[in-house]
Each structure stands twice: as structure tokens, then as C-alpha cells.
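S.K.: Quick one: structure below, then a few questions.
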Amino acid sequence: MATLGAPARAHAAPQALSDSAAWRTIASTLGVATFIGVWVAVTSLGLVPPTFLPSPTAVLARIVDLTHEPYSGSLLQAHLLASLRKFGLSYLLAVVIGVPLGLLMGRFRFVDWLVSPVFEGLRFIPPIAWVPFSILWFGTGFLAPTLVIFAGAFSPCVLNAYRGAKLIDRQLIEAAQTLGARGWTMLGQVMLPAALPHIVAGLRVSAGFGWQSLIGAELIVGSTGLGYMIVQGESNLAPAVVIAGMATIGVVGALIDYTMRALEDWIRRDWGR
Amino acid sequence: MDEVSFVVAEREFVAIVGPSGCGKTTLLRMAAGLDFPTGGAVRVGDRQIDGPGSDRAVVFQQFALFPWKTVADNIAFGLKCRGTAESARQEIVSHYVALMGLQGYERAFPHQLSGGMQQRVAIARSYALEPSVLLMDEPFGALDAQTRVGMQEELVRLSRINPRTVLFITHSVEEAVYLADRVVVMTRRPGRIREIVEVTPVRRREGWDACERIEDVMDQESFVHLRTHIWKLLREQHGASAH
């Protein structure tokens, strides 16, 4: 049957593609179904008492409750909003400082030499290790988690901008120089767009780290936010609240990543070339 | 490179030919301010060159267009850096778009254009700055033979309409003789000037400019004579370096 050559191949390719798409859906659904199935089985057969693990339906019901009955002073969406606000502010700060710094390090060896030793030393301190320090400095207010998220989100911004800057075709920089580009024009009009695909990849990684660091920080220092809500749930022995919080964190994190990936794909596809 | 010294006059088109490794590209890069001589100096007018600048725009072999900018924005880039007002910028851009036959492609991106068209954009981008010296580093080296011929004719036409001071690097002897007023022939290791061949007197005497097409010029006995002369200069050194 393969002796038909070209037409047979031309026919086979799209079919194989749709096959793999179908298989993907089946496998993904199977994965989710297994996860929930085990959860349902374990809870409904009474293998684990509901004080440790409530059933999926109990968690879902709890999530619905949380959206109109305040828990620890706020509704679920208010906790979420508080978390997103902290995240948004420090993520923005990390991007606005990190990306230009990375580009400058990639452009000027002197800046690279100046910053690298300090940066390399600091970036291996896990964000969570910044928590005690940030409490010393900022107490338990808004700024403490902000610093922790910044610690998580900053490095990938710098590293990817740096790598992106290093990989810019040297001739493009030279062409810009001979056309009279200097200083900020060079940085903003030439290096930033030329390194953009790398930078956006960094922004995505950075958003993930930042979001995770935020929850970590809130577990310890928050007085609002999803992390704080989880801790309150734990001390009130309300496992459904704990899991509801975790589920929200997971889903929102995935949404953030999905958005960033869409941005990344769009840039890779439509960014010249 | 050693003892390379020559002067390019205003509105003169000088081509540099030489074997690879003779330093002709380094010479152009020094004029651009991208490389620096270990001794001696490069001057434009009275000013010694200490870095790149838009008074010496470069056309690169690989075009080096900004892939995220449209044709019009690429051409406008240098003017924008210079702080030219928006209205003046648009006027200059559309002038060079028309001159280089790029009408209808203003909003296209470089990757949507053929190599020849991309190099037209790069040339327009440099010309738009009206630089004191235009530096061209094998600008047609990456193009296929037919496109290359078209671009050479275009460049001759352009320098008749809009004569500029040009320093042009090439390894094609024909290209050098066809385009240049003077051809600087260089030797390899150490890179030195072998001879500077005057083309303009021959071009005027033999009326090359009356020819529309490059092949009509290349057919002329005077052209063949000059080309052969330069080939011999290049081959002599090749023989010498083999020993």
C-alpha cells in the first residue's frame, strides 16, 4: 500500500496528525478522570476520614460557599484579588528592572563583570529564604511578600534578557550604530525588540516562579491572600478550605502560564523573520 | 594591514578589490568606526574617526535590516535617531522608496521580500541619511547573479541621479570596474595597496555611461582591458604568495 508513494504519504500525514490529536484528548481525559476517580473512591469508601480529605464534591461546594460567605474576613475572590495585586506589583517591578539590567549586561562587558558576581550569589537563595529577612524589614504588611515575589521573579527576567542580548546578530547592532543609534534608543529600539522572543520566554518562567513564591510568602507573612486563607483553613481544621485554596492557586497559576505561552507563541510566530 | 593610505574625494566612488584576507573589510570597518587601527588614523574631512556614526552609514553584505520593522520604518530608523521631524522623515522615506523602486512595499516586513529587495531597503536606509561617506561591504555578495547585475545597474543609475562619496568593498573585479571612479587593488599579507587604477578617464573617453546595460559596457574593449589589468595585478600576488 505504501508503494503508491507520494499520494499515499500525502494522505497519511494529516490522518496521523488527527490520530495523535484524538489520542491526546483521550489520554488527557483519562488522566484527569483517574485522578478524580481515585479521590472519589478513597473518600466515598471511607478509606480516609473527611477530616483529612474531603470529597471532590465537598471541596467544590466549599468553593461555591467561599465566593459568597467571607472566610477569614474576605471572600475567595477578594483573597485571590489580594494575591494577584501583590503578584502584579512585584512581577512588574521584576520585569521593569530585570529586563533592562539583563540587556545592559549582555551589551556591555563592564556591566556584566560588575553585576554578575553579586547576581550569581543572590540568585541561588530560594525566594522562601527571603521571608525572614523581609519580615525583619517590612513586618507583615504588603511589602514583605512583595520582596519575596521579586526574589523569585527577578532572576529569570535578567537571565533571559541577558541571553537574548548575547544572541542578537552582531551585525544588527553594528548597523544600528552606524545609523546613529545610541544609549536608550539602542536599548529600547534595537536590543529589546531583537531579544524579545528570549525575553518573553523569561517572562513566562518568571511569572511561574513569582506566583509560587507569593503563595509561599503568604503562608508565612500574609494577612490577606490565598496563602493566608489556606493557613487559616488549616488552623480551623477545615481541609475543604485548604484544598479549595490550593485548587484556586493551581488553576490561576496555569491560566497565567497559558496567557504567557500564548504571548510567547504569538511573538515567535509574528516577530519578523 | 600595512601602509594603506589613500584619499577618497568628495562625490567619488572608490572600490577596493583584493584577495580574501587582505583586510579590505577591516579597512571599511575602520572607516565605519567599528574597528580601530593599531597605528595611523582614518579621517572624514578634518575629523578623526573615534566610533560609528550616521555620517558614515554602512550597507552590509547580509543586509542587516531590522526584521521587526516595516520597510518604511527601516528606512526611517536613522532619521529618527537623528531627530528628524516626523513630516520631513516621511517625505525623505517616500523619496527613497520611489527611487529604489519599493513602492507598494512600504508596509511589508523584510522577511516577506526577496534578497534583492531587502538590499534595496538597506541601500535606501543608508542613502536617506545623506552620509558624508557611504560604506558598502560587498553589498551584492549575497545575491544571485541576475539580481546582482540588476542591482549594479541600479547603483550606477542612483549615483548619476544622486552622486555620493562611496567606499565600496568587493571581490568582483567586473563589479569594481563597472561601478567605481577609482579601483584600489590590495595585496594579501601584509595588506598593502598594489595599485590604484583610475577608471573615470576611460569611462568618459569611451562613453560607458551611454550604455543602458551592464553587458554593453562589459563588451567594450576598454572595459576588458581594465579588467584584465586588475586581474593580472591580483594573480601576480597569488603566484608570489604560492612560493
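Read-outs: derived from the displayed coordinates by stated rules, not from any lab. Quick caveat, the model's predicted, so the values are computed rather than measured. All Cβ positions, glycine included, derive from the backbone under ideal geometry; neighbour counts span all protein chains shown.
S.K.: On average, how many beta carbons from a partner chain sit within 10 Å of the beta carbon of a residue in B:55-64?
M.R.: Per-residue shielding by partner chains comes out at 4.
S.K.: Related question: Could you point to the residue in B:Tyr96, B:Ile169, B:Phe77 farthest towards the positive end of chain B's charge dipole, with +1 and -1 charges on the Cβ of Lys/Arg and Asp/Glu respectively?
M.R.: Going by the Cα projections, it comes out as B:Phe77.
S.K.: Could you list the residues of the range B:160-178 with an amide nitrogen less than 17 Å from a label point located 7 Å from the Cα of B:Glu10 in the Cα-to-C-beta direction?
M.R.: Only B:162-167 fall inside the zone, counting backbone N under 17 Å.
S.K.: Further question on the same structure: Going by average Cβ neighbours within 10 Å, how do the peptides A:251-257, B:135-141 rank, with the highest at the top?
M.R.: On the way: A:251-257: 14.0, B:135-141: 23.0.
My ranking of the peptides, most packed first, is B:135-141, A:251-257.
S.K.: Let me ask something else about it. Under a GNM of chain B (C-alpha, springs under 10 Å), which listed residue has the highest mean-square fluctuation: B:Arg194, B:Arg43, B:Arg227?
M.R.: Of B:Arg194, B:Arg43, B:Arg227, the most mobile in the Gaussian network model is B:Arg43.
S.K.: In nanometres, what is the gap between the two model label sites at B:Val202 and A:Trp184, each 7 Å from Cα along Cα-to-Cβ?
M.R.: Between B:Val202 and A:Trp184, the label points sit 5.4 nm apart.
S.K.: So for the range B:32-179, averaging the separation of alpha carbon pairs under 8 Å that are six or more residues apart and normalising by length, what relative contact order in percent results?
M.R.: Computed value for the range B:32-179: 29 percent relative contact order.
S.K.: While we're on this one: Looking only at other chains, what is the average number of their beta-carbon atoms within 10 angstrom of each beta-carbon in B:76-82?
M.R.: Mean partner shielding for this stretch: 5.
S.K.: Would the range B:129-227 count as rounded, prolate or oblate if I go by the C-alpha gyration tensor, calling it rounded below 1.5 in a/c and otherwise prolate when a/b exceeds b/c, oblate otherwise? Could the numbers behind the result be given before it?
M.R.: Working: a/c = 1.34, a/b = 1.11, b/c = 1.21.
It is rounded, given that a/c, with a ≥ b ≥ c, falls under 1.5.
S.K.: Using packing as a proxy for protection, rank B:178-187, B:17-26 so that the peptide with the highest average count of other Cβ atoms within 10 Å comes first. Could the numbers behind the result be given before it?
M.R.: Values: B:178-187: 23.0, B:17-26: 19.5.
Descending mean neighbour count gives B:178-187, B:17-26.
S.K.: Still on this structure, I have one more. Rounded to the nearest 20 debye, what is the charge dipole size of chain A about its Cα centre when +1 sits on each Lys and Arg Cβ and -1 on each Asp and Glu Cβ?
M.R.: 760 debye
S.K.: Another question about this same structure. Toward the positive end of the charge dipole of the range B:1-142, about the Cα centre and with charges on Cβ (Lys, Arg +1; Asp, Glu -1), which of B:Val17, B:Pro52, B:Gln62 goes farthest?
M.R.: B:Gln62
S.K.: Excluding B:Arg11 itself, calculate the net charge of residues whose Cβ lies under 11 Å from the Cβ of B:Arg11, where each Lys or Arg counts +1 and each Asp or Glu counts -1.
M.R.: Details: positive: B:Arg164; negative: B:Glu10, B:Glu12, B:Asp181.
Summing Lys/Arg as +1 and Asp/Glu as -1 gives -2.
S.K.: Moving on. Restricting to DSSP H runs of at least four residues, report the calculated mean residue ellipticity at 222 nm for chain A, -39500 (n - 2.57) per run over all residues, nearest 500 deg cm²/dmol.
M.R.: -26500 deg cm²/dmol
S.K.: Subtracting the Cα-Cα distance from 0.36 nm times the residue separation, let me have the gained length for B:Glu215 to B:Ala145 in nm, one decimal. Don't jump to the answer; show the numbers that get you there.
M.R.: Values: separation 70, 0.36 × 70 = 25.20 nm, distance 1.29 nm.
So the extension gain works out to 23.9 nm.
S.K.: Return the average number of partner chain Cβ atoms within 10 angstrom of each residue Cβ along peptide A:186-197.
M.R.: 2
S.K.: If you place +1 on the Cβ of every Lys and Arg, -1 on the Cβ of every Asp and Glu, and leave all else neutral, what size is the dipole of the range B:65-130 about its Cα centre, to the nearest 20 Debye?
M.R.: Computed charge dipole of the range B:65-130: roughly 140 debye.
S.K.: Give the residue from A:Ile256, A:Ile243, A:His79 lying farthest towards the positive end of the charge dipole for the range A:57-270; charges sit on Cβ (+1 for Lys and Arg, -1 for Asp and Glu) and the dipole is referred to the Cα centre.
M.R.: So the residue we want is A:Ile256.
S.K.: For A:Thr259, A:Thr224, what ranking results if the residue with the fewest other Cβ atoms within 10 Å of its Cβ goes first?
M.R.: By the 10 Å Cβ count, ascending: A:Thr259, A:Thr224.
S.K.: Modelled label-to-label distance, A:Lys166 and B:Gln112, 7 Å Cα→beta-carbon offset: nm?
M.R.: About 3.5 nm separates the two model spin labels.
S.K.: Counting only pairs 8 or more places apart or on different chains, how many lysine pairs in the protein assembly as shown have C-alpha atoms closer than 29 Å?
M.R.: Taking the protein assembly as shown as the scope, the lysine pair count is 5.
S.K.: To continue, here is another question. Please say if chain A is rounded, prolate or oblate, where rounded means a/c under 1.5 for a ≥ b ≥ c the square roots of the C-alpha gyration tensor eigenvalues, and otherwise the choice is prolate for a/b larger than b/c and oblate otherwise?
M.R.: Since a/c reaches 1.5 but b/c is at least a/b, the shape of chain A is classed as oblate.
S.K.: Oh, and also: Taking the highest mean first, how do the peptides A:228-237, A:99-108, B:195-204 order by number of other beta carbon atoms within 10 angstrom per residue?
M.R.: The packing order, highest mean first, is A:99-108, A:228-237, B:195-204.
S.K.: Here's a follow-up. Would you mind pulling out the separation of the Cα centroids of the range B:1-46 and the range B:92-156, in Å?
M.R.: After rounding, the separation between the Cα centres reads 23 Å.
S.K.: I've got another one for you. Subtract the Cα-Cα distance of B:Ser172 and B:Val224 from 0.36 nm times their separation in residues, and report this length gain in nm to one decimal.
M.R.: Length gained between B:Ser172 and B:Val224: 17.3 nm.
S.K.: Same structure again: Suppose only helical runs count, i.e. DSSP H with n ≥ 4. What mean residue ellipticity at 222 nm does that imply for chain B under -39500 (n - 2.57) per run, divided by all residues and rounded to the nearest 500 deg cm²/dmol?
M.R.: Details: 9 runs with 107 residues, N = 243.
Computed ellipticity for chain B at 222 nm equals -13500 deg cm²/dmol.
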